[in-house]
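Report on one structure; see the data block that follows.
The values are calculated or read from the model by the stated rules, or taken from the named source; none is laboratory data. Small disclaimer: the values here were computed from a predicted structure and weren't measured. Every residue, glycine among them, receives a Cβ derived from its backbone with ideal geometry; neighbour counts consider all protein chains shown.
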Amino acid sequence: MAAAAPSIILAPSRYALPRPFLKWVGGKGQLLGTLLERIGAAGQFRGYHEPFVGGGALFFELTRQGALRDGAALSDANPHLIEVWQVVRNEVQGLVDALAVLKSRHCEEHYYAVRADVPATPVDRAARIIYLNKTCFNGLYRENRRGGFNVPFGRYTDPPILDEENLRACSRALRNVDLRCQDFVSAAARVRPHDLVYFDPPYVPVSRTSVFTEYQKGGFGEGDQRRLAGTFRTLADTGARVLLSNSWAPLVLECYGEFSPLEVSASRNVNSRTDRRGRVSEALVDNFAALRPAKLAG
Ligand SMILES: C[S@@+](CC[C@H](N)C(=O)[O-])C[C@H]1O[C@@H](n2cnc3c(N)ncnc32)[C@H](O)[C@@H]1O
(Lines give C-alpha, C1' and ligand atoms only; values in the text may rest on other atoms or scores of the structure.)
Protein backbone atom coordinates (compact mmCIF):
# COMPACT_ATOMS: atom_id res chain seq x y z
CA MET A 1 0.00 0.00 0.00
CA ALA A 2 1.28 3.48 -0.83
CA ALA A 3 2.57 5.48 2.11
CA ALA A 4 0.19 8.28 3.07
CA ALA A 5 1.39 11.88 3.09
CA PRO A 6 0.22 12.75 6.60
CA SER A 7 0.71 16.48 6.24
CA ILE A 8 -1.78 17.00 3.38
CA ILE A 9 -5.14 18.26 4.62
CA LEU A 10 -7.74 17.99 1.89
CA ALA A 11 -9.78 21.11 2.70
CA PRO A 12 -7.96 24.26 1.54
CA SER A 13 -7.26 26.72 4.34
CA ARG A 14 -9.27 29.71 3.17
CA TYR A 15 -8.29 32.43 5.60
CA ALA A 16 -4.79 31.67 6.89
CA LEU A 17 -1.60 33.38 5.65
CA PRO A 18 0.43 33.40 3.47
CA ARG A 19 -1.86 33.76 0.46
CA PRO A 20 -1.10 34.71 -3.21
CA PHE A 21 -0.08 38.38 -3.36
CA LEU A 22 -1.16 38.61 -7.02
CA LYS A 23 -4.31 37.46 -8.78
CA TRP A 24 -2.94 35.78 -11.89
CA VAL A 25 -4.58 34.52 -15.08
CA GLY A 26 -5.44 30.85 -14.61
CA GLY A 27 -5.04 31.06 -10.81
CA LYS A 28 -5.76 27.73 -9.16
CA GLY A 29 -7.65 28.95 -6.09
CA GLN A 30 -10.80 27.01 -6.81
CA LEU A 31 -9.18 23.74 -7.90
CA LEU A 32 -7.16 23.55 -4.69
CA GLY A 33 -9.35 20.93 -3.00
CA THR A 34 -9.05 18.56 -5.96
CA LEU A 35 -5.30 19.19 -6.33
CA LEU A 36 -4.78 18.43 -2.62
CA GLU A 37 -6.74 15.20 -2.97
CA ARG A 38 -4.47 14.11 -5.82
CA ILE A 39 -1.32 15.10 -3.92
CA GLY A 40 -2.56 13.11 -0.92
CA ALA A 41 -2.53 10.07 -3.23
CA ALA A 42 1.08 10.70 -4.29
CA GLY A 43 2.60 9.35 -1.10
CA GLN A 44 5.47 11.19 0.55
CA PHE A 45 7.58 13.54 -1.53
CA ARG A 46 10.78 15.49 -1.05
CA GLY A 47 11.32 18.82 -2.83
CA TYR A 48 8.49 20.72 -4.51
CA HIS A 49 8.69 22.32 -7.98
CA GLU A 50 6.24 24.69 -9.69
CA PRO A 51 7.65 25.60 -13.14
CA PHE A 52 4.60 27.72 -14.19
CA VAL A 53 4.16 29.47 -10.87
CA GLY A 54 1.92 32.45 -11.80
CA GLY A 55 0.31 33.54 -8.51
CA GLY A 56 1.42 30.31 -6.79
CA ALA A 57 -1.93 29.28 -5.25
CA LEU A 58 -0.86 25.68 -4.65
CA PHE A 59 2.58 26.64 -3.34
CA PHE A 60 1.01 28.90 -0.71
CA GLU A 61 -1.57 26.28 0.25
CA LEU A 62 1.13 23.62 0.74
CA THR A 63 3.19 26.15 2.71
CA ARG A 64 0.24 26.89 5.00
CA GLN A 65 -0.06 23.17 5.62
CA GLY A 66 3.65 22.86 6.47
CA ALA A 67 4.00 20.25 3.71
CA LEU A 68 7.13 21.69 2.04
CA ARG A 69 9.82 20.57 4.45
CA ASP A 70 12.41 19.71 1.80
CA GLY A 71 12.54 22.98 -0.07
CA ALA A 72 10.79 24.42 -3.09
CA ALA A 73 11.77 25.75 -6.50
CA LEU A 74 9.38 28.15 -8.23
CA SER A 75 9.82 29.52 -11.71
CA ASP A 76 8.03 31.10 -14.63
CA ALA A 77 9.02 32.37 -18.08
CA ASN A 78 7.60 35.84 -17.34
CA PRO A 79 10.49 38.06 -16.11
CA HIS A 80 8.17 40.80 -14.76
CA LEU A 81 6.35 38.25 -12.62
CA ILE A 82 9.50 36.59 -11.26
CA GLU A 83 10.92 39.99 -10.37
CA VAL A 84 7.88 40.62 -8.15
CA TRP A 85 8.36 37.26 -6.38
CA GLN A 86 12.06 38.08 -5.82
CA VAL A 87 11.27 41.50 -4.40
CA VAL A 88 8.68 39.99 -2.03
CA ARG A 89 11.34 37.55 -0.83
CA ASN A 90 14.35 39.91 -0.67
CA GLU A 91 13.06 43.46 -0.14
CA VAL A 92 9.71 43.27 1.57
CA GLN A 93 10.23 46.43 3.68
CA GLY A 94 10.99 48.53 0.58
CA LEU A 95 7.96 47.03 -1.15
CA VAL A 96 5.67 47.83 1.79
CA ASP A 97 6.93 51.43 1.80
CA ALA A 98 6.46 51.84 -1.96
CA LEU A 99 2.93 50.39 -1.82
CA ALA A 100 2.05 52.72 1.08
CA VAL A 101 2.94 55.68 -1.16
CA LEU A 102 0.91 54.31 -4.10
CA LYS A 103 -2.02 53.67 -1.75
CA SER A 104 -1.96 57.20 -0.36
CA ARG A 105 -2.16 58.66 -3.89
CA HIS A 106 -4.75 56.25 -5.31
CA CYS A 107 -7.33 57.73 -7.69
CA GLU A 108 -8.19 57.20 -11.37
CA GLU A 109 -5.69 59.79 -12.63
CA HIS A 110 -2.91 58.31 -10.51
CA TYR A 111 -3.76 54.80 -11.79
CA TYR A 112 -3.23 55.85 -15.42
CA ALA A 113 0.01 57.68 -14.53
CA VAL A 114 1.38 54.55 -12.84
CA ARG A 115 0.21 52.37 -15.74
CA ALA A 116 2.15 54.56 -18.21
CA ASP A 117 5.32 54.55 -16.13
CA VAL A 118 8.10 51.93 -16.03
CA PRO A 119 10.01 52.54 -12.77
CA ALA A 120 13.78 52.25 -12.59
CA THR A 121 14.17 49.91 -9.60
CA PRO A 122 12.97 46.34 -8.94
CA VAL A 123 11.11 47.46 -5.79
CA ASP A 124 9.20 50.18 -7.63
CA ARG A 125 8.46 47.89 -10.59
CA ALA A 126 7.12 45.21 -8.20
CA ALA A 127 5.01 47.78 -6.33
CA ARG A 128 3.62 49.02 -9.66
CA ILE A 129 2.53 45.50 -10.70
CA ILE A 130 0.90 44.76 -7.33
CA TYR A 131 -0.80 48.18 -7.34
CA LEU A 132 -2.16 47.70 -10.88
CA ASN A 133 -3.24 44.15 -10.04
CA LYS A 134 -5.28 45.31 -7.04
CA THR A 135 -6.84 48.34 -8.71
CA CYS A 136 -7.39 47.42 -12.38
CA PHE A 137 -10.69 46.36 -13.93
CA ASN A 138 -11.38 42.71 -12.96
CA GLY A 139 -8.35 42.66 -10.64
CA LEU A 140 -6.24 40.51 -12.95
CA TYR A 141 -2.73 41.37 -14.14
CA ARG A 142 -2.78 40.38 -17.81
CA GLU A 143 -0.11 41.33 -20.35
CA ASN A 144 -0.96 41.88 -23.99
CA ARG A 145 0.97 40.31 -26.88
CA ARG A 146 3.63 43.02 -26.73
CA GLY A 147 4.27 42.45 -23.04
CA GLY A 148 2.40 45.66 -22.10
CA PHE A 149 -0.41 46.22 -19.61
CA ASN A 150 -3.47 48.10 -20.88
CA VAL A 151 -6.30 47.10 -18.54
CA PRO A 152 -8.53 50.07 -17.58
CA PHE A 153 -9.14 51.46 -14.09
CA GLY A 154 -11.35 49.35 -11.81
CA ARG A 155 -13.94 51.18 -9.74
CA TYR A 156 -13.47 49.63 -6.28
CA THR A 157 -14.29 51.45 -3.06
CA ASP A 158 -11.37 50.26 -0.97
CA PRO A 159 -9.00 48.06 -3.01
CA PRO A 160 -6.50 46.08 -0.88
CA ILE A 161 -3.41 47.83 -2.30
CA LEU A 162 -1.24 47.14 0.73
CA ASP A 163 -1.73 43.93 2.71
CA GLU A 164 1.37 44.25 4.84
CA GLU A 165 0.74 41.23 7.05
CA ASN A 166 0.35 38.93 4.06
CA LEU A 167 3.37 40.35 2.20
CA ARG A 168 5.53 39.73 5.28
CA ALA A 169 4.13 36.19 5.63
CA CYS A 170 4.86 35.55 1.92
CA SER A 171 8.37 36.90 2.33
CA ARG A 172 9.03 34.52 5.26
CA ALA A 173 7.61 31.60 3.26
CA LEU A 174 9.97 32.39 0.38
CA ARG A 175 13.11 32.79 2.48
CA ASN A 176 14.76 29.57 1.27
CA VAL A 177 12.86 29.14 -1.97
CA ASP A 178 14.69 29.02 -5.29
CA LEU A 179 13.07 31.58 -7.65
CA ARG A 180 14.05 31.72 -11.32
CA CYS A 181 12.87 33.12 -14.61
CA GLN A 182 13.20 30.18 -16.97
CA ASP A 183 11.49 27.84 -19.38
CA PHE A 184 9.87 24.76 -17.84
CA VAL A 185 12.47 22.43 -19.42
CA SER A 186 15.28 24.12 -17.43
CA ALA A 187 13.14 23.81 -14.28
CA ALA A 188 12.59 20.10 -14.95
CA ALA A 189 16.35 19.52 -15.17
CA ARG A 190 16.63 20.21 -11.41
CA VAL A 191 13.98 17.68 -10.34
CA ARG A 192 15.18 14.62 -8.36
CA PRO A 193 13.45 11.27 -7.87
CA HIS A 194 10.76 11.55 -5.11
CA ASP A 195 10.29 15.29 -5.72
CA LEU A 196 6.78 16.55 -6.47
CA VAL A 197 6.28 18.66 -9.61
CA TYR A 198 3.11 20.59 -10.39
CA PHE A 199 2.80 21.79 -14.00
CA ASP A 200 0.08 24.40 -14.57
CA PRO A 201 0.84 25.60 -18.11
CA PRO A 202 -1.13 28.04 -20.25
CA TYR A 203 -4.11 25.90 -21.22
CA VAL A 204 -4.82 24.44 -24.66
CA PRO A 205 -7.55 26.78 -26.03
CA VAL A 206 -11.04 25.32 -25.90
CA SER A 207 -12.69 27.83 -28.21
CA ARG A 208 -11.57 30.15 -31.00
CA THR A 209 -12.02 33.21 -28.77
CA SER A 210 -10.19 31.66 -25.84
CA VAL A 211 -7.36 33.78 -24.48
CA PHE A 212 -5.71 31.20 -22.25
CA THR A 213 -2.43 31.26 -24.20
CA GLU A 214 -1.86 35.00 -23.95
CA TYR A 215 0.37 34.97 -20.90
CA GLN A 216 3.40 36.40 -22.57
CA LYS A 217 4.70 37.50 -25.92
CA GLY A 218 4.64 34.57 -28.31
CA GLY A 219 2.02 32.51 -26.44
CA PHE A 220 2.23 28.79 -25.74
CA GLY A 221 1.36 26.76 -28.84
CA GLU A 222 0.90 23.11 -29.75
CA GLY A 223 4.68 22.59 -30.04
CA ASP A 224 5.10 23.79 -26.44
CA GLN A 225 2.27 21.54 -25.24
CA ARG A 226 3.94 18.52 -26.86
CA ARG A 227 7.34 19.53 -25.46
CA LEU A 228 5.72 19.67 -22.03
CA ALA A 229 4.14 16.21 -22.47
CA GLY A 230 7.63 14.85 -23.29
CA THR A 231 9.04 16.51 -20.16
CA PHE A 232 6.19 15.06 -18.06
CA ARG A 233 6.95 11.54 -19.35
CA THR A 234 10.71 11.90 -18.76
CA LEU A 235 10.16 13.03 -15.16
CA ALA A 236 7.62 10.25 -14.57
CA ASP A 237 10.24 7.73 -15.77
CA THR A 238 12.78 9.03 -13.23
CA GLY A 239 10.46 8.38 -10.27
CA ALA A 240 9.34 11.96 -9.63
CA ARG A 241 5.70 12.56 -8.62
CA VAL A 242 4.27 14.61 -11.48
CA LEU A 243 0.91 16.42 -11.52
CA LEU A 244 -0.42 18.59 -14.35
CA SER A 245 -3.58 20.57 -15.05
CA ASN A 246 -4.80 21.64 -18.49
CA SER A 247 -8.06 22.03 -20.36
CA TRP A 248 -10.11 18.96 -21.29
CA ALA A 249 -9.09 19.22 -24.95
CA PRO A 250 -8.33 16.57 -27.62
CA LEU A 251 -4.63 17.53 -27.69
CA VAL A 252 -4.33 17.02 -23.92
CA LEU A 253 -6.12 13.66 -24.03
CA GLU A 254 -3.85 12.58 -26.89
CA CYS A 255 -0.66 13.68 -25.11
CA TYR A 256 -1.49 12.17 -21.70
CA GLY A 257 -3.87 9.29 -22.58
CA GLU A 258 -1.50 6.73 -21.05
CA PHE A 259 -1.88 8.44 -17.63
CA SER A 260 -5.72 8.30 -17.71
CA PRO A 261 -6.52 12.03 -17.15
CA LEU A 262 -9.18 12.84 -14.57
CA GLU A 263 -11.99 15.17 -15.73
CA VAL A 264 -12.86 17.90 -13.23
CA SER A 265 -15.27 20.79 -13.54
CA ALA A 266 -14.18 24.36 -12.79
CA SER A 267 -15.61 27.85 -13.11
CA ARG A 268 -13.46 29.80 -15.60
CA ASN A 269 -13.34 32.84 -17.82
CA VAL A 270 -14.15 31.10 -21.05
CA ASN A 271 -13.63 33.90 -23.54
CA SER A 272 -11.90 37.22 -24.01
CA ARG A 273 -14.46 39.00 -21.78
CA THR A 274 -12.88 38.42 -18.38
CA ASP A 275 -16.22 39.12 -16.71
CA ARG A 276 -17.90 36.19 -18.51
CA ARG A 277 -17.59 33.02 -16.52
CA GLY A 278 -18.85 29.53 -17.16
CA ARG A 279 -18.23 25.95 -16.11
CA VAL A 280 -15.61 24.12 -18.13
CA SER A 281 -14.02 20.71 -17.91
CA GLU A 282 -10.37 20.58 -16.96
CA ALA A 283 -7.94 17.67 -17.06
CA LEU A 284 -5.79 16.60 -14.12
CA VAL A 285 -2.98 14.24 -15.06
CA ASP A 286 -0.61 12.46 -12.70
CA ASN A 287 1.62 9.41 -12.53
CA PHE A 288 0.78 8.51 -8.94
CA ALA A 289 -0.96 5.19 -9.68
CA ALA A 290 2.18 3.91 -11.42
CA LEU A 291 4.53 4.80 -8.57
CA ARG A 292 5.93 2.07 -6.40
CA PRO A 293 4.93 2.54 -2.74
CA ALA A 294 7.52 4.75 -1.15
CA LYS A 295 8.28 5.53 2.46
CA LEU A 296 11.00 8.12 2.55
CA ALA A 297 13.62 7.92 5.23
CA GLY A 298 14.11 10.93 7.51
C1 LIG B 1 -1.88 28.94 -15.75
S2 LIG B 1 -0.63 30.14 -15.40
C3 LIG B 1 -0.15 29.51 -13.82
C4 LIG B 1 -1.18 29.85 -12.75
C5 LIG B 1 -0.71 29.49 -11.32
N6 LIG B 1 -0.70 28.07 -11.10
C7 LIG B 1 -1.57 30.17 -10.27
O8 LIG B 1 -2.16 29.51 -9.38
O9 LIG B 1 -1.68 31.41 -10.32
C10 LIG B 1 0.64 29.75 -16.51
C11 LIG B 1 1.99 30.45 -16.33
O12 LIG B 1 2.91 29.88 -17.28
C13 LIG B 1 3.89 30.85 -17.61
N14 LIG B 1 4.59 30.40 -18.84
C15 LIG B 1 4.23 30.53 -20.15
N16 LIG B 1 5.12 29.91 -20.95
C17 LIG B 1 6.07 29.33 -20.16
C18 LIG B 1 7.22 28.52 -20.37
N19 LIG B 1 7.61 28.17 -21.61
N20 LIG B 1 7.95 28.09 -19.30
C21 LIG B 1 7.58 28.45 -18.03
N22 LIG B 1 6.48 29.24 -17.76
C23 LIG B 1 5.73 29.65 -18.79
C24 LIG B 1 3.07 32.12 -17.74
O25 LIG B 1 3.90 33.26 -17.58
C26 LIG B 1 2.02 31.94 -16.61
O27 LIG B 1 2.43 32.61 -15.45
Within segment 85-112, the count of residues that are in contact (Cβ under 8 Å) with a residue 12 or more places away in the chain, among the small types (Gly, Ala, Ser) and surrounded by fewer than 17 Cβ atoms within 10 Å (Cβ to Cβ) comes to 2
Hits in segment 35-51 - residues which are within 10 Å of the ligand (Cβ to nearest atom) and either more than 11 Å from the chain's Cα centre (by Cα) or more than 20 Å from residue 264 (Cβ to Cβ) (or both): 35, 51
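Okay, residues lined up against (1) over 13 Å from the mean Cα position of the chain (by Cα); (2) among the aliphatic types (A, V, I, L, M); (3) within 16 Å of the ligand (Cβ to nearest atom):
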site	(1), (2), (3)
33	yes, no, yes
53	no, yes, yes
58	no, yes, yes
64	yes, no, yes
68	yes, yes, yes
With criteria (1) modelled with pLDDT of 95 or more; (2) in contact with a His (Cβ under 8 Å, 6 or more places away or on another chain), residue 143 comes up short on (1)
So for segment 70-77 (the condition being part of a loop (DSSP other than H, G, I, E, B) and more than 30 Å from residue 199 (Cα to Cα)), does at least one residue qualify? no
Matching residues, segment 131-167, being outside any loop (DSSP other than H, G, I, E, B) and touching a helix residue (DSSP H, G or I) at 6+ places or on another chain (Cβ under 8 Å): 131, 132, 133, 135, 136, 139, 141, 153, 164, 167
